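Please read the structure below before turning to the comments.
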Amino acid sequence: MSYNMHILVCGGTGCQASSSKTIISRMNEYLKEKNLDKEVQVIATGCFGFCEQGPIVKIMPDNTFYTQVKPDDTEEIINEHIIKGRKVSRLLYKEPEHHNPVSDSKHIEFYKKQLRIALRNCGFIDPENIEEYIAREGYTALAKCLTEMTPQEVINEIKLSGLRGRGGGGFPTGLKWEFASKYVADQKFVVCNADEGDPGAFMDRSIMEGDPHSIVEAMAICGYSIGANKGLVYIRAEYPLAIKRLRIAIKQAEDYGLLGENIFGTGFGFTIEIRYGAGAFVCGEETALIHSMEGHRGEPTTKPPFPAESGYLNKPTNVNNVETFANVPVILNKGAKWFASIGTEGSKGTKVFALAGKINNVGLIEVPMGTTLREVIYEIGGGIKNGKKFKAVQTGGPSGGCLTETHLDTPIDFDNLIKVGSMMGSGGMIVMDESDCMVAVAKFYLDFIVEESCGKCTPCRVGNKRLYEILSKITEGKGTMEDLDNLRNLSHVIKDTALCGLGQTSPNPILSTIDNFYDEFVAHIRDHRCPAGKCKALLTYHIDSQLCIGCTLCARNCPTNAIAGERKSPHFIDTEKCIKCGTCIDKCKFNAISIR
Amino acid sequence: MEKISLQIDQHQIETERGTTIIEAARKSGIEIPALCYMNLEGMCIKNQPSSCRICVVEVEGRRNLAPACATKCENGMKVRTSSMRVLNARKTVMELILSDHPHDCLICAKSGSCQLQGLTNKLRIREVPFEGERNRFEKEVSPSIIRDMNKCIYCRRCETMCNDVQTVGALGAVNRGFDATISPAFGNKLSDSECTFCGQCVAVCPVGALTENDYTNRLIDDLNNPRKTVIVQTAPAVRAALGEEFGFAPGTSVTGKMASALRELGFDKVFDTDFAADLTIMEEGSEVLARLNAFLSGDKSVKLPVLTSCCPAWVNFFEYQFPDMLDIPSTARSPQQMFGAIAKTWWTEKMGIKREDLTVVSIMPCLAKKYECGREEFSENGNPDVDYSISTRELAGLIKRANIDFRSLPDSDFDNPLGESTGASVIFGATGGVMEAALRTAYELHTGMPLAKLDFEEVRGLQGIKRAVVDMNGFELKVGIAHGLGNARKLLNEIRRGESVYHVIEIMACPGGCIGGGGQPLHRGNSAVLKARSNALYEEDRSKPLRKSHENPYIIKLYEDFLGKPLSEKAHHLLHTHYFNKSK
Amino acid sequence: MDKIKSLADLKKIRDNVQSKIELREKSENPEKSVQIKVAMATCGIAAGSKETMTYFIENLERNGIPAIVTQTGCMGYCFAEPTVEITKPGEEPVVFGHVTPHKAEEIIQKYLKNGELVEGIIPVNYNSI
């Protein structure tokens, strides 16, 4: 007896944080109470991507997409929708543009332009159930490789597909596999880089949480093609749910004989172990990652030798990122040609982005390479929050750059983003509006880099610190035009001399903001003014004597007693004492206080 | 080896595949500056983190600059070591280093020999455009080593020496980013770590971050004190290297000039640690024979092999790392401490000096000796047998400070009785020397027959681990010799696993033995320097009329007058020691 | 659990478990299946729409017709309950009235299998949500 209806509830980290676990258990209890537990199945899936609107509940077969569901909504959903067939319209998503409820997720702008390959199973299957993965053609790619293809044929297929590394570098995956396959050694390793560290990026986590078997299968395929029988997943320990699901997946694959000895009776064996990282950003760099796995300090070493020649325990090692691996089984199932038909000349397939910042639809999206920034921001992302003006979009995380209005029609792919002074990175995309100060944004990224530098090489250890200090000076209105030259020269030298990818790209946020928002830097330096009104040191608070009625509310709430004035007459702010906390503005009922 | 050809600046260069750009350039006379890179070729020790980024060069077709120290030459490669792009980058990187480095060169111990200072000058950096935060670390003053991490440039050389070469593991990188520094674990002090004070880190530090604790000012005070009798002992290895500081070629033995200089400085007596080395052989050799005989006669309580115990860093090493094996090393004290014990008992008695009025100073090639003389068991009522030790480098500095024209000093002899020594003792300074000296005496004591050939060539030389079988008139004595604590660890692991086949093992902590000690003039990994120094010692051995410790007349007299015989109760009290479990 | 030892084993498991997610796969691509919406408001339920719906689900499967059966609210044709809206792939929706299990069988056999017209169609002039 199969179920008539499926209720998919997002079990990703984001929705779990908003009680999706409780929703699931309440649904199960209530269905049982109503004797519907034989007809309706509740499934905890991976992330749907629309995290802004979570927790997500999707009802199949009528594809109803409920958003921001609370545990208290469960009875209503079951009573109304499941029993009476009436959609609970207050829980339907409303497009920010026209506020009309949309029932089917396919008609939601957020999903319309998406093409989900890496995320194909996220939000669709129960990630803790291998059978659901198998039902979706899972492990057939592995079977096909092992029984019908030679390792070189597998590599050729991946090469032909044009798949490039999704972790940031964009190196052709097939070529990487080929390098590792050429080295002769008694032992080789396949490593899955799950040390996702870009601020705001969480696609790798979501894939591992929502479709862990795709990683297991892809790693085994990679092992077969390069001649490795051991796989290691390097994952940050602060991803407990991903770790749990991955563990379950590995165990299930072992139980089904899809990992272990003699897979599909072919004599090929492959096992996977999980290694935990402590969350250092630099450990996403493959040599640092390998050293960390070996128990050493997470520090990069000069390449060459590349891991393909000498990696983990000095053995040939192929390192790929989670999203890269997630694409592999589909490519082998549907063919390289199919995959290569999606995307642009130099970048094939799709890319997952983590949309964040001042955008309406925050979440995880997957689009074909070549989709423009405008489509992503305005159509999928639903435009800028609170009707504000778009100012910039930061791509590529701390290694990327800030792009402006003029770049909005750039088709997104590896090469185009580099051309316009940013990069793909792992797919973070942070949107900024007119109230964001670009000097402060550059400073934010530098702060992150200074925090995350391992400190090994001089340019990164000291150079980035100095960049940060110069930026701080500018945001405090103490900068000089000479500082701007220093910033530029130092940025170029760091790019030119740093040891690893982290340092070689760390000045990108600065260079791109100087290039694209030069006037804003100059305003801070020459006019001691922050045009966006963000840099505290450059702001002063004023009380408009026309508007102030002397209610004393501001003065009573000021934590530093910086506001004085007689009752029923206009008040004044002592700018020496004012710490610019903003409490007075929040308290004033007459809009009498402004920032200049 | 496959030959490849490349262009570096204007030079067309042929080199072997696998050579790095920095080495290929060096061979063509182009010196690419570098700070972290260290190639102690003769010792097969390399520090190549490619982290300072001073040696960056431009390689045609490459996106960014390449570290010359870690980039291998390729056929047809075009390299520019000093294009304007390179010079700007190098200057900027240097400015960055200097922006987090104190500028108090005037009073820095490394001033004049600091590589950072030299390079700053070469690059003509006259101001540092970057102002900003500087790291502030607390300076640690241990008996041997002063650690001032504010001066550290994070080149990691000390880490390589401590971890890879010596396998001590006391120093390692801690913290991240701007705060990254080198430290014992958990921010402990060296004195609370497994540090053996071998001083190999000090020997390679390019800046003033790791320096020896300098006792020369204290020495000047003592020499100025009319109430004090100040005597000095000099270790064998010092005479083979001190001359280098005064322009003599490596391997020039300056024993006589050194004695004269010490006398000029005002020491009341100039004695020789070599005397105590002969004494050590008497005690240690007798112990070896006693343990060997007991073992061979079936005494199960006796363990073999016997390990030498002259080297204080080595003693520290096994106390920390092999506490389960504390009963194997010989209980004989090191020559420095035997000297102190005899000087402050027998000699003071003989001279009618009060123990408290005698200051015993040692000149050592070693930094661990500074620590050793402070060990509690080597003192009586708080008065140490040896008051303090100064290194070869410190002595050279003092001689220069005292305006002594070392090169034109006449030779002079050591004073008696504690200055007389045999050839056996002088070779203590080279790896294998203690073993050879012991063999000369043990053979004759064991067999009762004179030794036909005194030179045991098989225990000499710079291989890391040496093995030899010595025919003791029918009995085959198996000996092993290791220098460098990494090599020592290998032998100790064999013993621990029960695989050791040796009867006696000599271990010296520093590569090359004491001639390569942490307090010696810097040899910068040039094994030719080490060879020359050891040759000087063997030459001095050959030139001595007496070459066996048990033939030293003053040693014989010391036993007759005072100690009785080797391993006597008095000898045990004054010349032997015990070890402590210091494992963490 | 027996281990999968061959490609055939994997395919067998896949075929066995495919039904578990078939419902989801079909509803991801509804335009490829027959879509049947059964009006299940109070009026419909009172008139027996629940039985009708169950009949459709069980018998469409038996007849091998890929279909998505969902419920919907009151269509406004309370006089003709149970009412059912049927959309064949690529065609306009058609609403049938008075669909008892017996009528349902007729719709399956004639309208869905053979494309013949069946009596009881209600002219459409509304938009469903």
Subject >> With at most 16 other Cβ atoms within 10 Å, longest stretch of chain C clear of loop GluC sites (Glu not before Pro) (DSSP) >> reply: C:1-90
Original post:
Using alpha-carbon positions, what is the distance between the centroids of segment B:290-331 and segment A:202-221, in Å?
Top reply: 57
Subject >> Average partner coverage of A:259-271, which counts Cβ from other chains inside 10 Å >> reply: 2
**OP:** Calculate the spin-label point distance for B:ALA249 paired with C:GLU31, positioning each point 7 Å from the Cα along the beta-carbon direction, and give it in nanometres.
**Re:** 9.3
**OP:** Calculate how steeply helix A:212-226 sits against the longest principal axis of the alpha-carbon atoms of chain A, using the helix alpha-carbon long axis, and give the answer as 0 to 90 degrees to the nearest 10.
**Re:** 60
**OP:** Give the distance, in whole Å, between the Cα centre of segment B:39-85 and the Cα centre of segment A:582-596.
**Re:** 59
Original post:
Based on DSSP H runs of at least 4 residues, each adding -39500 (n - 2.57), what is the mean residue ellipticity at 222 nm of chain A after dividing by all its residues, to the nearest 500 deg cm²/dmol?
Top reply: -10000 deg cm²/dmol
Original post:
What ratio of Cα Rg to 2.2 N^0.38 Å holds for chain A?
Top reply: 1.06
**OP:** Report, for the protein assembly as shown, the % of DSSP beta bridges that are antiparallel, rounded to 5.
**Re:** 55
Original post:
By how many degrees, between 0 and 90 and to the nearest 10, does the Cα long axis of helix A:464-475 differ from the longest principal axis of chain A?
Top reply: 30
**OP:** Normalising by the residue count of chain B, find the relative contact order in percent from Cα pairs under 8 Å and 6+ residues apart.
**Re:** 16
Original post:
Share of antiparallel DSSP beta bridges in chain A, in percent to the nearest 5?
Top reply: 55
**OP:** May I ask you to list, by number, the DSSP H helices of chain B whose Cα span along the axis is at least 18 Å and whose average Kyte-Doolittle hydropathy reaches 0.0 or more?
**Re:** B:84-99, B:273-296, B:433-447
Original post:
In bins 10 Å wide, starting from 0, what share of all Cα pairs of segment A:540-595 does each bin hold, as a percent?
Top reply: 29, 64, 7
Subject >> For a label point 7 Å along the Cα-to-beta-carbon line of B:LEU445, residues of segment B:274-290 with backbone N under 12 Å >> reply: B:278-290
Original post:
So what's the net charge close to B:ALA468: Lys and Arg +1, Asp and Glu -1, counting the other residues with Cβ under 15 Å from its Cβ?
Top reply: -1
Subject >> Rotationally averaged projected area of the protein assembly as shown (alpha carbon convex hull; nm²) >> reply: 65.7
**OP:** Among DSSP beta bridges whose residues both lie in chain B, state the antiparallel percentage, nearest 5.
**Re:** 60
**OP:** State the extension gain, in nm to one decimal, for the chain segment bounded by B:ASN383 and B:ARG134, taking 0.36 nm per residue of separation less the distance between their alpha-carbons.
**Re:** 85.4 nm
**OP:** Mind ranking B:502-509, B:215-222 by how tightly packed they are, going by the mean number of other C-beta atoms within 10 angstrom, highest first?
**Re:** B:502-509, B:215-222
Original post:
Which peptide among B:486-499, B:368-381, B:123-136 comes first, and what is the full order, when sorted by highest mean count of other Cβ atoms within 10 Å?
Top reply: B:368-381, B:486-499, B:123-136
**OP:** Beyond 16 Å, what share of the Cα-Cα pairs of segment A:87-141 is found? Please give it as a whole percent.
**Re:** 58
Original post:
From largest to smallest, what semi-axes in whole angstrom does segment A:473-516 give when each is the square root of 5 times an eigenvalue of its alpha carbon gyration tensor?
Top reply: 21, 10, 9
Subject >> Structure-based [θ]222 nm, chain B - -39500 (n - 2.57) summed over DSSP H runs of at least 4, per residue, nearest 500 >> reply: -9000 deg cm²/dmol
Original post:
Taking the Cβ-Cβ separation of A:ILE579 and B:ARG496 as r and a Förster radius of 41 Å, what is the calculated FRET efficiency to the nearest 0.05?
Top reply: 0.05
Original post:
Where Rh denotes the Kirkwood radius from the mean inverse Cα pair distance, what is Rg over Rh for segment A:5-112?
Top reply: 0.94
Original post:
What does the convex hull of the Cα atoms come to per residue for segment B:140-212, in Å³?
Top reply: 77
**OP:** Return the tail of the calculated pair distribution for segment B:29-101, meaning the percent of Cα-Cα pairs more than 21 Å apart.
**Re:** 28
Subject >> Cα extents of segment B:195-283 along the three principal axes, largest first (Å) >> reply: 39, 33, 33
Original post:
Say each of B:LYS91 and A:ASP409 gets a label point 7 Å from the Cα, pointing the same way as Cα to Cβ; how far apart are those two points in nm?
Top reply: 4.4
**OP:** Can you tell me the equivalent ellipsoid semi-axes for segment C:30-122? Use √(5λ) from the Cα gyration tensor, largest first, whole Å.
**Re:** 19, 13, 13
Subject >> Hull shadow area, averaged, segment A:255-336 [alpha-carbon convex hull, nm²] >> reply: 7.4
**OP:** Compute the signed sum of charges (Lys and Arg +1, Asp and Glu -1) over the other residues within less than 15 Å, Cβ to Cβ, of A:PHE353.
**Re:** -3
Original post:
Per residue of C:55-68, how many C-beta atoms from partner chains lie within 10 Å of its own C-beta, taken as a mean?
Top reply: 1
**OP:** Calculate the dipole size of the protein assembly as shown relative to its Cα centre from +1 charges on Lys and Arg beta carbons and -1 charges on Asp and Glu beta carbons; express the result in debye to the nearest 20.
**Re:** 1440
Subject >> Whole-Å distance, taken between Cα centres, linking segment A:2-30 and segment A:147-200 >> reply: 36
Subject >> Cα convex hull of segment A:123-200 - mean projected area over all directions, nm² >> reply: 7.6
Subject >> Label-point separation in nm, A:ASP586 to B:ASN121, each point 7 Å along Cα→Cβ >> reply: 6.1
Original post:
In Å, what is the Rg of the alpha-carbon atoms in segment A:438-526, and how long is Dmax?
Top reply: 11.9, 36
Subject >> Scattering curve values for segment A:350-433, log₁₀ I(q)/I(0), Debye with Cα scatterers, q = 0.10, 0.16, 0.17 Å⁻¹ >> reply: -0.18, -0.48, -0.55
Original post:
For all pairs of alpha-carbon atoms in segment B:460-555, what percent lies in each bin of width 10 Å, listed from the first bin to the last filled one?
Top reply: 14, 34, 36, 16, 1
Original post:
Using the Kirkwood radius built from alpha carbon pairs, what does the Stokes-Einstein equation give as D for segment B:230-358 at 37 °C and 0.692 mPa s, in µm² per second?
Top reply: 191
**OP:** Summarise the partner chain shielding of A:446-456 as one whole number: the mean count of Cβ atoms from other chains within 10 Å of each residue's Cβ.
**Re:** 4
Original post:
How do B:387-393, A:58-64, B:9-15 rank on mean C-beta neighbours within 10 Å, highest first?
Top reply: B:387-393, A:58-64, B:9-15
Subject >> Of B:THR167, B:LEU462, B:GLY29, farthest towards positive along the dipole that unit charges on Lys, Arg, Asp, Glu beta carbons give the protein assembly as shown >> reply: B:GLY29
Original post:
For segment A:130-339, what D do you get in µm² per second when you plug the Kirkwood radius from alpha-carbon pairs into Stokes-Einstein at 10 °C and 1.306 mPa s?
Top reply: 95
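Throughout, read-outs are computed from the coordinates displayed, never taken from laboratory work. Model, not experiment: these values are computed from the prediction. Please note: Cβ atoms are built from the backbone with ideal geometry, for glycine as well, and neighbour counts cover all protein chains shown.
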